[in-house]
1. List the number of the failed condition for LYS200; all other conditions in (1) loosely packed, with under 13 Cβ neighbours inside 10 Å; (2) under 30 Å from PHE52 (Cβ atoms); (3) under 20 Å from the mean Cα position of the chain (by Cα) hold.
2. Which residues, taken from segment 189-234, are basic (Lys, Arg) and over 23 Å from GLY85 (Cα atoms)?
3. Quick check on my filter: what residues within segment 119-137 are under 18 Å from ASP155 (Cβ atoms), touching a residue at least 24 places away in the same chain (Cβ under 8 Å) and surrounded by 14 or more Cβ atoms within 10 Å (Cβ to Cβ)?
4. Which one is surrounded by the most Cβ atoms within 10 Å (Cβ to Cβ), of the residues in segment 72-95 that are under 22 Å from THR214 (Cβ atoms) and either acidic (Asp, Glu) or at pLDDT 95 or above (or both)?
5. Considering each residue of segment 99-113, count those that are more than 31 Å from the chain's Cα centre (by Cα) and either of a type in the set (Gly, Ala, Ser) or surrounded by 15 or more Cβ atoms within 10 Å (Cβ to Cβ) (or both), and give that number.
6. Restricting attention to helices (runs of 4 or more DSSP H) lying wholly within segment 132-248, give those where 3 or more residues are among the acidic types (Asp, Glu) and either farther than 30 Å from SER56 by Cβ or in contact with a Cys (Cβ under 6 Å, 6 or more places away or on another chain) (or both).
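The values are calculated or read from the model by the stated rules, or taken from the named source; none is laboratory data. Note that the coordinates shown come from a computational prediction; the quantities given were computed from them, not determined experimentally. Because the Cβ atoms are built from the backbone with ideal geometry, glycine has one as well, and the counts that use them run over all protein chains shown.
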Amino acid sequence: MQNVKDIFLFYLFLCIKKNKTMSNAKLPIRIEELLPVARWLRAVFIQYRKLFEDYSPDFGGTFLTVLDQKIETVEKLISTKLFLGEIMKITQALYLNMTDLRPMLFKLEGYVKLAANDLGVDASLFDFKKVRKCIDGHDAEGLELALGELIQHADANTAALTAKGFKPEMRTQFGEMLQKNRDLADDQGVKIRAKEDAVKANNTEIMSLWNDCTLLMDSGKRVFKFDQPDQVKNVTLTHILKTMRHEGEATPPKE
């Protein structure tokens, strides 16, 4: 009797440990990729359902129904498309604001060169190269610092630059675009943190769906490897992600 109790306690310990591990587990792919991957694998399963069911009874019965419920649950909890849409919209506006600085930078650089002998500092301190590097690299934080320094130097040499053609409205526009860059970068950070918080808050549901994805990928390889080796790629994560990133939320090719 003691042996039975010991076995039960050991089994209970394993279950608790498993649940704890699952709740603390981290998704190995980006959250925005989970639902497309799950739908891809669902399509593979439906196409080769009999092979999966012949392989194991675990894939029979309510497997597909439960999988669909998990997909629906995660979609509602995470609102992935909403997060992505909002983040993408803000990011595009941020990058556009950065790019719109180029014509103004080009003119200001010309005024700095024209006023080089009259500036209170060496012209090299107007670090246009650094600002452009931040724009090219979409580095919002770096741009805020670099552009801020550039504006400070311009303010300290207003008279010399104005004499060469630099206008007050250009200075105003620089300030407005710098502030817009700050605001958009802040908004982007808020949305990204909201996405991360949503992932953490719903980690159990997310990982439950991911576990089904890994089950389909692992079992799919065993189903296809020797009988239909050309289908192994369609249950291989790297291939699925690569295809989706190039073609959008694609569905696996049919025979």
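1. (2)
2. Once the filter is applied, which keeps residues that are basic (Lys, Arg) and over 23 Å from GLY85 (Cα atoms), segment 189-234 yields LYS221, ARG222, LYS225, LYS233.
3. Passing the criteria: LEU119, LEU125, PHE126, VAL131.
4. Going through the qualifying residues, I end up with GLU75.
5. 5
6. 140-156, 168-201
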